[in-house]
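What follows is a short report on a single structure.
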Amino acid sequence: MRAALFVTCLVDLMRPRIGFAALELLEAAGCEVVVPATQTCCGQPAWNSGDHCAAVTLAKKVIAEFEGYDYVVAPSGSCADHIRNEYPKILAAEPEWLARAVTLSGQVFELTDFLVNVVKLERVPGHFAGSVTYHDSCTGLRSLGIKAQPRALLAQLPGVELKEMRAAEDCCGFGGAFSIKFGAVSAAIAERKCNNAVATEADAIVGGDLGCLLNIEGKLRRLGDDRTPVLHIAEVLTAK
Amino acid sequence: MESRSRQFKANTLAALSNPGLQQNMRQAKGKFVDKRAKSIRELDDFDGTRTAAAAIRNRVLDNLDLWLEKFEASASARGATVLWAKDADEICRHVVDIARRHEVKKTVKSKSMLSEEAGLNLALEAAGIQPVETDLGEYILQINNNEAPSHIIAPVVHKSLDEVADLFEKVHGTPRKTEITALTREAREVLRSHFLTADMGISGGNFLVAETGSVALVTNEGNGRMVTTLPRVHVVITGIEKVIPTLEDLSTLMRLLPRSATGQSISNYVSVLTGTQAAGDLDGPEHLYYILVDNGRADLIGSEFQDMLRCIRCGACMNHCPVYQTIGGHAYGWVYPGPMGAVLTPLYTGLENALDLPHAATLCNQCGVVCPVKIPLPELLRKLREKQVERGLRPQGERRAFKFWARLAASPTLYALAAWFGVRYLKQLAGGRKTITSFSLVPEWMLGRDFPAPEGKTFRELYAERGEKK
């Protein structure tokens, strides 16, 4: 089966190793992985900031690049949801594009959801020893139902102990442009998330969306915690 | 009420640097969220009930004019007078006229957010009529120089017990009390004489029942009963969108409203009031008026924001909102705070008067999943952002930045080039550390956080290099 990897712009820029970890997981699951070279961003920042026009342009670009594969997989609930659930809204006025958006919508998956529910990966390739606490990112959780999937994958690693934090489902305060428009409010929300995560005394804070992870890491470091790693679940599942 | 939503950003900073408020908001969050979560488990099919409730509200909104006429006919047949108000001024004019017609000197009020929209207390005072708030929270605010409520069902959620104790001591001139029961007894003693001497009662209305011409009131303190039954005149002020077809529909909505609002299976009082006092009735007002208010609502009918009119004012969206929990209700600057307020304020007071509010949300959709009538609040906030862009209301710098970014993202070559430079620049800024601690491009981010450093090369570069090695 051919799966196209949607790397996401944040992973491309900030944490390429997450992209390679996702690649490794998909290959471990038996996929032939393709990485379309011209990919950039799904257009979610444009759509969420009210720029309909740019959102349409980028949606069409992604559809043209990613249609025709068996599956499209992204290491982000937020980007996967944007392609799956928002593209049909964005392109509602153009019947031909809408049809293509709807087809792609059925093929796009968030990484952990894909590994657990589509390819049913039973042996993750990594070796990770230590305790982790898992932050449920909002869009993945509430729009795609990503909750049990990452935990099921973590449970495949014998060395991992999951320590659930209080209010794991509460927003971390990132919110994309929100974090650079209302920085003080955003950081105050992030502080609650960090406090809840740190209170578990887990060795690492883990999540499935890089935006949230950068927010949490940025707050954690500002609070003086230089030690606790903040990791994408793909990194944990492929750790050597 | 005058809007201070334009100062939203400054309001948030004030809220964040107010330790008392922060403490009070933390306590409120636990109370509301946990109690609601527990009480909705009593329903076999909470989500199905939400769907049914949304359908009831949609049915009305799709033909609102017809349902309002039906309500008017039913209410008139039971002796009530139905008046219409298009805006805040007209609400005040109607109330003052009614008060003058019946020679009213003093009026007792139970909670009405519409009266906040209208700034009614000030208008009554100006007309020489004494308004007395009798909901405990609203009473506390009134004796504190007519402070604004910070929550639609818990107006003093921002205050601590100590603050109320200080206020009562100062205003009532009594020895300071710190027991809640002693404070409420003191308020009750003050209010009792007002109930007995008022000539007119003013209430809001949670629902208007079209088939019977009734108003349904959902309260906890019992003041609502006193306000609506003791004085000679009762005035109900509520929005035109509050009408529902039948009493059966009321029972469906009542399965959701108290649970979503306070986590109660049922509120202490549910009053269904129908008509004036008829021969043989033990109580009820001699004169009953309904003031049904538009104040921006009719414009939403048939628009892409019509879903917002389903709102039953439970407050669950704000109770669960990470932003509201962090800044409290006053920061939003007008009558309605939290996600529902961030949608309603620009729609009712003008997009340009509340530019920040639709952006003051992480779009986490916690509000959307708790809303008892399934209002897609994040989607409505996003549409408001789109309206701002369409009307050219966003700052030029922001628009330029987004346009530049969108152009890059649409062109893989330019994008790759910009990314190549960008990650190297950031890596250099970090200077070998894990994070960047000073970064003038995103000052807001840096207010309370570091900026994690990138790895230094993009995925696309590394992937291409890997391909070459193979």
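At q = 0.09, 0.13, 0.18, 0.24 Å⁻¹, work out log10 I(q)/I(0) for segment B:355-470 with the Debye formula, treating every Cα as an identical point scatterer and leaving solvent out; two decimals please.
With one equal scatterer per Cα and no solvent, log10 I(q)/I(0) is -0.42, -0.80, -1.11, -1.24.
Starting at the first residue of segment B:103-119, write each ³J(HN,Hα) from the Karplus equation 6.51 cos²θ - 1.76 cosθ + 1.60 with θ = phi - 60°, in whole Hz, x for Gly and Pro.
Per residue, the Karplus-derived 3J(HN,Hα) values read 6, 8, 9, 9, 10, 9, 10, 9, 4, 8, 5, 4, 5, 6, 4, 7, x Hz.
For segment B:99-174, how big is Rg over Rh, using alpha carbon atoms and the Kirkwood form of Rh?
Details: Rg = 13.2 Å, Rh = 13.3 Å.
Rounded to two decimals, Rg over Rh is 1.00.
Quick one: longest stretch of chain A between exposed loop GluC sites (Glu not before Pro), exposed meaning at most 16 other C-beta atoms within 10 Å and loop per DSSP? Walk me through the numbers before you get to the answer.
Numbers: sites that count: A:E67, A:E122, A:E164, A:E169, A:E201.
Answer from the scan: A:1-66.
Taking the alpha-carbon distance from B:K170 and a cut-off under 20 Å, which lysines remain once sequence neighbours fewer than 8 residues away in the same chain are dropped?
B:K159
Relative contact order for chain B using alpha-carbon pairs under 8 Å, separation at least 6, rounded to a whole percent? If you can, show how the numbers build up before the last one.
Numbers: 763 pairs, mean separation 94.6, N = 470.
So the answer I get is 20 percent.
Calculate the spin-label point distance for B:K427 paired with B:N144, positioning each point 7 Å from the Cα along the beta-carbon direction, and give it in nanometres.
So the two model labels end up 5.4 nm from each other.
Given A:A202, A:L154, A:M14, which one lies farthest toward the positive end of the charge dipole of chain A, if we put +1 on the Cβ of every Lys and Arg and -1 on the Cβ of every Asp and Glu?
The residue sitting most towards the positive pole is A:A202.
Compute the angle between helix B:247-262 and the longest alpha-carbon principal axis of chain B, please, reported from 0 to 90 degrees and rounded to the nearest 10.
For helix B:247-262, the angle is close to 60 degrees.
On alpha-carbon atoms, Rg over Rh for chain A using Kirkwood Rh?
Using only Cα positions, Rg/Rh for chain A is 0.96.
Which three extents, in whole angstrom, do the alpha-carbon atoms of segment B:404-469 cover along their principal axes, largest first?
Cα spread of segment B:404-469 along its principal axes, largest to smallest: 40, 29, 14 Å.
Lys and Arg at +1, Asp and Glu at -1: add these up for the other residues within a Cβ distance under 15 Å of B:D45 and post the number.
+2
Between B:Q130 and residues 5 or more places away or on another chain, which pairs have amide H atoms under 5 Å apart, with H built 1.01 Å from N, and which residues are they?
Counting only residues 5 or more places away or on other chains, the set is B:K106, B:T107.
If you add up the charges near A:K193, with Lys and Arg at +1 and Asp and Glu at -1, over every other residue whose beta carbon is less than 9 angstrom from its beta carbon, what do you get?
0
What distance in nm separates the two pseudo spin-label positions at B:D162 and B:E248, each 7 Å out from Cα along the beta-carbon direction?
Going by the 7 Å Cα→Cβ label model, 5.5 nm.
So which cysteines of chain B have no other cysteine's Cβ under 4.7 Å from theirs?
B:C92, B:C311, B:C314, B:C321, B:C371, each lacking another Cys Cβ under 4.7 Å.
Checking a compactness column here: for segment A:2-118, what do you get for Rg(Cα) / (2.2 N^0.38 Å), N being the number of residues?
Its radius of gyration relative to the 2.2 N^0.38 Å reference: 1.00.
Take every Cα-Cα distance within chain B, group them into 10 Å bins from 0 onward, and report for each bin the whole-number percent of pairs it holds.
Histogram of Cα-Cα distances, whole percents per bin: 4, 18, 27, 24, 13, 7, 5, 2, 0, 0.
Need one number: % antiparallel among DSSP beta bridges in the protein assembly as shown, to the nearest 5. Walk me through the numbers before you get to the answer.
Numbers: 11 of 55 bridges.
If I count the DSSP bridges inside the protein assembly as shown, around 20 percent turn out antiparallel.
Please give the FRET efficiency for B:L196 paired with A:R166, using the beta carbon to beta carbon distance and R0 = 56 Å, rounded to the nearest 0.05.
Given R0 = 56 Å and the Cβ-Cβ separation, E is 0.70.
Gain in length, B:K434 to B:D281, computed as 0.36 nm per residue apart minus the alpha-carbon separation, to one decimal in nm?
Length gained between B:K434 and B:D281: 47.4 nm.
Translational diffusion coefficient, Stokes-Einstein: compute it for segment B:43-298 using the Kirkwood radius over C-alpha pairs as Rh, at 10 °C and 1.306 mPa s, and state it as an integer in µm² s⁻¹. Intermediate results must be reported in sequence, preceding the final value.
Values: Rh = 18.9 Å.
Approximately 84 µm²/s, per Stokes-Einstein.
Looking at segment A:71-133, which trypsin sites (Lys or Arg not before Pro) are DSSP coil and have at most 15 other C-beta atoms within 10 Å of their C-beta? Spell out each step's value before the answer.
Values: sites: A:R84, A:K89, A:R100, A:K120, A:R123; in loops: A:K120, A:R123.
Passing both the DSSP loop test and the Cβ count: A:K120, A:R123.
Would you tally the net charge around A:F109, using a Cβ to Cβ cut-off of less than 12 Å, leaving A:F109 out, and scoring K and R as +1, D and E as -1?
-3
Find the relative contact order for segment A:130-237 and round it to a whole percent, using C-alpha pairs within less than 8 Å whose residues are 6+ positions apart. Spell out each step's value before the answer.
Details: 155 pairs, mean separation 35.6, N = 108.
Once divided by the residue count of segment A:130-237, the mean separation gives 33 percent.
On a full-extension model of 0.36 nm per residue, what is the gain between B:E304 and B:K170, subtracting their alpha-carbon distance, rounded to one decimal in nm?
Once the chain is fully extended between B:E304 and B:K170, it gains 43.3 nm.
In percent, how large is the relative contact order of segment B:404-469, given Cα pairs closer than 8 Å and 6 or more residues apart?
30
Please list the non-local residues whose amide H lies under 5 Å from the amide H of B:A85, H modeled 1.01 Å from N, same-chain partners needing a gap of 5 or more.
So B:A85 has HN proximity to B:L292, B:V293, B:D294.
Calculate how steeply helix A:183-199 sits against the longest principal axis of the alpha-carbon atoms of chain A, using the helix alpha-carbon long axis, and give the answer as 0 to 90 degrees to the nearest 10.
Taking Cα atoms only, the helix is inclined about 50 degrees.
Can you compute 3J(HN,Hα) from phi for each residue in segment B:40-47, using the Karplus curve 6.51 cos²θ - 1.76 cosθ + 1.60 with θ = phi - 60°, rounded to whole Hz and x for Gly and Pro?
After applying 6.51 cos²θ - 1.76 cosθ + 1.60, I find 6, 5, 5, 8, 5, 9, 4, 5 Hz.
May I ask for the accessible area buried between chains A and B, both sides summed, probe 1.4 Å, to the nearest 100 Å²? All intermediate terms of the calculation are to be shown ahead of the outcome.
Details: alone 10800 and 22440 Å², together 27930 Å².
So the total buried area for this chain pair works out to about 5300 Å².
Name the residues whose placed amide hydrogens come within less than 5 Å of the amide hydrogen of A:F6, ignoring near sequence neighbours (fewer than 5 apart) on the same chain.
The answer is A:V73, A:A74.
Could you list the chymotrypsin sites (Phe, Trp or Tyr not before Pro) in segment A:1-99 that lie in coil according to DSSP, counting only those with at most 16 other Cβ atoms within 10 Å of their Cβ?
Here no loop site has a sparse enough neighbourhood.
Would you kindly derive the ³J(HN,Hα) couplings of segment B:436-442 from the backbone phi angles with the Karplus curve 6.51 cos²θ - 1.76 cosθ + 1.60 (θ = phi - 60°), listing them in order in whole Hz, with x for Gly and Pro?
Per residue, the Karplus-derived 3J(HN,Hα) values read 8, 9, 9, 8, 6, 6, 10 Hz.
For the protein assembly as shown, list log₁₀ I(q)/I(0) at each q in 0.05, 0.06, 0.07, 0.08 Å⁻¹, using the Debye formula over Cα point scatterers of equal strength and ignoring solvent, two decimals each.
With no solvent term, the Cα-only Debye profile gives -0.28, -0.39, -0.53, -0.67.
The values are calculated or read from the model by the stated rules, or taken from the named source; none is laboratory data. From a predicted model like this one, the values you see are computed outputs, not experimental measurements. Note: ideal-geometry Cβ built from the backbone for every residue, glycine included; neighbour counts use all protein chains shown. To get the accessible areas, we keep the full protein, side chains included, count just its heavy atoms, and leave off ligands, DNA and RNA. Shrake-Rupley method; radii C 1.70, N 1.55, O 1.52, S 1.80 Å.
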